[in-house]
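Engineer: Have a look at the structure that comes next, please.
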Number of protein chains: 4
Amino acid sequence: MDDKDIFKRQNFGRKMGFGQSPGLLVIDFTVGFNDPDSFGGGNISAAVNRTVDLLTFARARGMPIAHTRIVYADDGSDAGIHCLKVPKLKGLTEASPLGQFVPEVAPRAGEIVVRKRLPSAFFETGLHGILHARGIDTLIIAGCTTSGCVRASTLDAMCHGFRPIVASDCVGDRAIGPHEASLFDLGQKYADVMPLDDIIATLGTDRAVA
Amino acid sequence: MDDKDIFKRQNFGRKMGFGQSPGLLVIDFTVGFNDPDSFGGGNISAAVNRTVDLLTFARARGMPIAHTRIVYADDGSDAGIHCLKVPKLKGLTEASPLGQFVPEVAPRAGEIVVRKRLPSAFFETGLHGILHARGIDTLIIAGCTTSGCVRASTLDAMCHGFRPIVASDCVGDRAIGPHEASLFDLGQKYADVMPLDDIIATLGTDRAVA
Amino acid sequence: MDDKDIFKRQNFGRKMGFGQSPGLLVIDFTVGFNDPDSFGGGNISAAVNRTVDLLTFARARGMPIAHTRIVYADDGSDAGIHCLKVPKLKGLTEASPLGQFVPEVAPRAGEIVVRKRLPSAFFETGLHGILHARGIDTLIIAGCTTSGCVRASTLDAMCHGFRPIVASDCVGDRAIGPHEASLFDLGQKYADVMPLDDIIATLGTDRAVA
Amino acid sequence: MDDKDIFKRQNFGRKMGFGQSPGLLVIDFTVGFNDPDSFGGGNISAAVNRTVDLLTFARARGMPIAHTRIVYADDGSDAGIHCLKVPKLKGLTEASPLGQFVPEVAPRAGEIVVRKRLPSAFFETGLHGILHARGIDTLIIAGCTTSGCVRASTLDAMCHGFRPIVASDCVGDRAIGPHEASLFDLGQKYADVMPLDDIIATLGTDRAVA
C-alpha cells in the first residue's frame with residue numbers, strides 16, 4: 001500500500017470545490033526567488049511564466065489580486081528566529097534588487113501588495129482581513145516556494161476560512177522533491193490542487209466575478 | 001546535485017541552537033492518531049513510545065509541558081474549511097473515545113492542555129501567550145503527524161519567536177514519505193531536528209531549568 | 001468644544017452601515033457576569049433581558065449566532081498575565097456555576113460556542129475563521145462588559161474585516177461611566193452603535209437571511 | 001459608590017509589577033497625531049514632550065525600543081473596514097508628511113519600526129514575535145491616542161504574554177474624557193499605569209538591562 005492509498009483509506013483528500021467569490025494570491029515571485037544562484041532554481045521560473053497566464057485570466061475577470069514579497073528592515077532590527085536558520089533572508093530589504101517583483105508578474109495599480117517577514121502571507125500581515133472585507137471566500141494560489149511560503153500560506157488561508165485552490169503549474173520550488181511532497185500533502189489535507197487549465201475551465205471565462 | 005545540496009549551496013539549514021528556557025510541546029497523541037484504522041499508522045505508535053522517555057526527562061527537570069488535542073463541538077457548529085477536506089475530523093468531540101489522550105503520554109495535573117480545531121497548536125489557541133508568560137524561549141516538539149500538525153506547529157512556534165527543536169524519534173506520521181519529506185523541510189528552514197538522545201545530551205541531566 | 005465636537009471636526013464617527021450577511025455575537029452573558037456580587041452589576045442584567053428579544057429576532061431570521069464564555073483550566077495551567085491583574089478570573093472553569101450561560105440567553109443546538117480566556121472573542125479563538133467560512137460580513141454585538149470584552153471583541157471584529165454593529169441596549173457594564181465612555185469611543189472609531197429597535201428596522205423582518 | 005469602588009469591591013485593579021526584561025513601545029507619535037488640525041489635540045503634544053525623557057532613559061539602559069506608525073498603500077488597496085468609519089486614515093501613506101515620525105521622538109538606527117493599518121501595534125504586525133525573540137517580558141507603553149491605539153496595543157500586549165506598563169504622562173488623546181476613561185479601564189483590567197518618574201524609580205538607573 002503506497003502513501004496515497006493510506007490517505008485514501010482514511011478518507012483524506014476530499015474535493016472542497018470553489019465558493020462564490022474567488023481572489024488570487026501570488027507569493028514571493030521576486031528577483032531573488034527567480035534566480036538559481038540566490039533563492040531560486042528547480043521549477044520556479046517555469047511557474048513564473050505560467051503565472052503570467054493566470055494573471056491575465058484573473059485581471060480579465062476583475063478578480064481581486066494580492067501579491068507578497070519578503071521585506072526586512074534595512075538595519076535588521078526586525079529579524080527573528082527564522083534568520084537564525086536562514087540568515088540571508090535579512091538581505092531582502094525594501095530596496096534590495098533581489099527583493100523586487102519579477103517584472104512579468106509584478107502588481108498593477110490597485111492590486112494588494114503585502115510585505116512579510118515570515119513564510120505565510122497571512123502570518124501577522126492583516127491580509128485575511130483585507131480579503132474578507134472584499135467578500136472573497138476562495139483563494140487561488142500561485143508563487144514560490146511550494147514547500148515554503150506557498151504551503152504555509154495555503155494552510156493559513158484554510159485556517160482563516162478561505163477555500164484554497166493551489167494552481168499546480170503556477171507554483172514552484174528550488175528542488176523537485178520538496179515541491180512534489182508538499183503538493184501531495186496540500187491536496188490530501190488543506191486545498192484543492194489543480195493545473196491552471198482546470199481552474200479556468202471550472203470558473204468559465206464568459207462571466208465576470210461580482 | 002541532490003535536494004540537500006541545493007539547500008546547502010543556498011545556505012539554508014543553519015543550526016539555531018537552544019535558548020535559555022526550554023518547554024515541551026506534545027501534539028495530538030490521542031487514541032485516534034495512535035490507531036492505524038482511524039487517523040494513525042506508520043511510525044506514530046513508535047513515536048508515542050519514545051515520547052514516554054521524553055516526558056520522563058522533561059518532568060524530572062521541571063520543564064513546562066503543553067499537550068494538544070483536536071476537539072470539535074458536539075453539534076459541528078464550529079466546523080470550517082478543513083472539514084470539507086477531511087470530514088471525519090468533526091467526530092473528534094470533547095468526549096469521543098478517539099479524541100482522548102493515549103494514557104502513557106497523557107497530561108498530568110498542572111500541565112497545559114490546548115484544545116484546537118486546526119493543524120497548528122498555535123493557530124488561534126492563545127498557546128504562545130501562555131508559554132511566553134512563563135518565560136519559555138525554546139520549544140521541544142513531539143507528536144503527530146509530522147507532515148500535518150507537527151509541521152504546522154513547528155512553523156508557527158518559529159513565527160511566534162520560539163526556537164523549535166523537533167525530536168525526530170518522537171514525531172510520527174501515518175505514511176513514511178510525508179514524514180521524511182517534512183523532517184527535511186523543517187530542518188532546512190524552520191527548526192533544529194535531532195533525536196531525543198541528542199536533546200538530552202545538549203541540555204544535560206544534572207541541573208534543573210529555572 | 002466638547003469631546004464629540006473634537007471628533008466630529010476631525011471627521012470621525014462616519015456611519016459604515018450593514019453588509020449583506022449579518023451574524024450575531026453574544027459575549028459572556030454568564031451567571032457570574034449577571035451577578036452584582038461576582039463580576040456583574042450596573043446595567044448588565046437589563047442588557048441580558050433585552051438580548052432575549054435580539055435572540056428571538058436573530059433566530060427567526062436564521063441568522064448565524066455565536067456565544068462566548070470565559071473558561072480557564074481546572075488547575076490554572078493556562079492562566080496568563082490577565083490573571084495577575086484580575087486573579088479571580090481563574091475561577092471560571094468549565095464546570096464552575098459562575099461560568100455557565102444565563103439560561104434565558106443560553107445557546108441552542110447548532111449555535112457556535114466559543115470558550116475564551118481573554119477579553120476579545122476573536123483573540124486566539126478561531127472565531128473569525130468560523131464566521132468567514134459561513135460568509136458573514138456584518139456582526140451584531142451584544143453582551144458584557146461594554147468596556148471590557150464587548151469593546152475588545154468589537155475592535156477585533158473590525159480588524160478581521162467584519163462590520164460591527166453594537167446593539168446599545170443589549171450591552172452592559174458593571175459601572176455606567178466606563179459603559180458610556182466605551183460606547184462613545186466605539187461609535188466614533190470602530191462600529192455603528194444603535195439600539196435594537198433600529199437594528200430590527202434596518203434589517204426588516206419580512207425576509208430570511210440566506 | 002463610585003465606579004472605582006465597584007471595581008475595587010470585585011477585586012479588579014491588582015498591581016502586576018515588572019518582569020525581568022523590559023522593552024519600550026512608542027505608538028503613533030507622527031506629525032498628523034501631533035497636529036490638532038489633523039488627528040491630534042488634547043494632551044498629545046505634552047505626551048510627546050515627556051516621551052523625549054522616556055526615550056533618553058530607555059536608550060541609556062540599552063532597552064529594546066519599538067515605534068509604530070500607520071501606513072496605508074498609496075493606492076488604498078489595503079483599506080478595510082476601519083476606513084469606512086474614519087476615511088482619512090487612508091491618507092497616511094508611506095511618504096505622506098502627516099505619517100512621518102515627530103523628529104524629537106523619531107526612531108534611531110537599530111530600533112524596531114512597525115508599520116500598521118489598525119489600532120493595535122500587535123494586530124497582524126508580527127511585533128510580538130520580534131519582542132519575544134529578544135526575551136522581552138515587560139512592555140513600557142507611550143504614544144497616542146490613549147483611547148485608540150494605545151489602549152488596543154496595551155490590551156494585546158497583555159494577551160500576547162507581556163506585562164504592560166502604561167506611562168501615564170507619556171500617552172495622550174485628542175480629548176481628555178476618553179483619555180481618562182481609558183487610563184481608568186487599563187489600570188483596572190489590563191496594565192499597571194504610572195507616571196514616568198515612578199517607572200524610572202522602579203527600574204533604577206544604575207544598572208543596564210541584560
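The values are calculated or read from the model by the stated rules, or taken from the named source; none is laboratory data. This structure is a prediction, so every number in the text was calculated from the model and none was measured. FYI the Cβ positions are ideal-geometry reconstructions off the backbone, even for glycines, and counts take in every protein chain you see.
Engineer: Report, by residue number, each residue of segment A:150-178 that is more than 8 Å from every other protein chain (Cβ to nearest Cβ) and either surrounded by fewer than 24 Cβ atoms within 10 Å (Cβ to Cβ) or small (Gly, Ala, Ser) (or both).
Structural biologist: Within segment A:150-178, A:Ser153, A:Ala157, A:Ala167, A:Ser168, A:Asp169, A:Gly172 meet the criteria.
Engineer: Let me ask another. With the requirement that a residue be assigned to a loop (DSSP other than H, G, I, E, B) and buried (at least 22 other Cβ atoms within 10 Å of the Cβ), what does segment B:124-134 give you?
Structural biologist: Scanning segment B:124-134 gives a single hit, B:Thr125.
Engineer: Could you list, in sequence order, the residues of segment A:1-16 that are within 8 Å of chain B (Cβ to nearest Cβ), within 27 Å of the chain's Cα centre (by Cα) and closer than 26 Å to A:Gly161 by Cα?
Structural biologist: Matches in segment A:1-16: A:Phe7, A:Asn11, A:Phe12, A:Gly13, A:Arg14, A:Met16.
Engineer: Select from segment B:42-93 the residues that are of a type in the set (S, T, N, Q), without any contact (Cβ under 8 Å) to a residue 40 or more places away in the chain and part of a helix (DSSP H, G or I) and list them in ascending order.
Structural biologist: Answer for segment B:42-93, where residues must be of a type in the set (S, T, N, Q), without any contact (Cβ under 8 Å) to a residue 40 or more places away in the chain and part of a helix (DSSP H, G or I): just B:Thr56.
Engineer: Regarding A:Phe12, is this residue of a type in the set (Phe, Trp, Tyr) and at pLDDT below 95?
Structural biologist: So A:Phe12 passes the test.
Engineer: Looking at (1) more than 21 Å from C:Glu124 (Cα to Cα); (2) facing another protein chain (nearest Cβ under 7 Å); (3) at pLDDT 95 or above, which is the only condition B:Ala109 fails?
Structural biologist: Going through the list (1) more than 21 Å from C:Glu124 (Cα to Cα); (2) facing another protein chain (nearest Cβ under 7 Å); (3) at pLDDT 95 or above, B:Ala109 breaks only (3).
Engineer: Could you tell me whether D:Leu55 is aliphatic (A, V, I, L, M) and either within 24 Å of C:Leu186 (Cα to Cα) or within 14 Å of chain C (Cβ to nearest Cβ) (or both)?
Structural biologist: Answer is no for this residue.
Engineer: Counting only residues that are more than 18 Å from D:Ile65 (Cα to Cα), give me the strands (runs of 3 or more DSSP E) lying completely in segment D:135-210 with at least 1 of them.
Structural biologist: D:163-172, D:192-194
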